[in-house]
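The values are calculated or read from the model by the stated rules, or taken from the named source; none is laboratory data. Small disclaimer: the values here were computed from a predicted structure and weren't measured. Every residue, glycine among them, receives a Cβ derived from its backbone with ideal geometry; neighbour counts consider all protein chains shown.
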């Protein structure tokens, strides 16, 4: 995972949640459970993080292509989509790396729970906010997460932008 782990209320660590190779392994694990489309994998990861993180299609689909090229999955046409199915070689690879896959899934779930708890603790769970304000805050969170996923070294700049925005709000 790199860095200090999941503690300390660090939402901006989302980009480092998946280390190199983690997405390949968990995509393979999800496909081994049952054949899936790329969109299903995105939604399953989002579900495991309680809606606080979802990999972009621009990361997921190249990962699926890689898994196909390595012989771990095969893609079956299903209308305009591809249905990915684990091969025996892919199942063997997953079995050899099961502990790591389980650890990544546990990390995703812990991140989702941490974020949910932060929102409860800070009173921003959303149920008591006007719908437009809730949507704006959700959008801000999603954009910040996408930016840190795209460039984890950009954390200080993102924090500064958010701090300036908070300062502007305090003035009103």
(message) Looking at residue 79 and the list (1) in contact with a helix residue (DSSP H, G or I) (Cβ under 8 Å, 6 or more places away or on another chain); (2) on the phi > 0 side of the Ramachandran plot, which single condition is not satisfied?
(response) (1)
(message) Given the options 61, 39, name the one that is surrounded by fewer than 18 Cβ atoms within 10 Å (Cβ to Cβ), touching a helix residue (DSSP H, G or I) at 6+ places or on another chain (Cβ under 9 Å) and closer than 29 Å to residue 117 by Cβ.
(response) 39
(message) Out of the helices (runs of 4 or more DSSP H) lying entirely within the range 1-90, which hold 1 or more residues that are touching a strand residue (DSSP E or B) at 6+ places or on another chain (Cβ under 6 Å) and either under 16 Å from residue 109 (Cβ atoms) or modelled with pLDDT of 95 or more (or both)?
(response) 22-33, 57-69
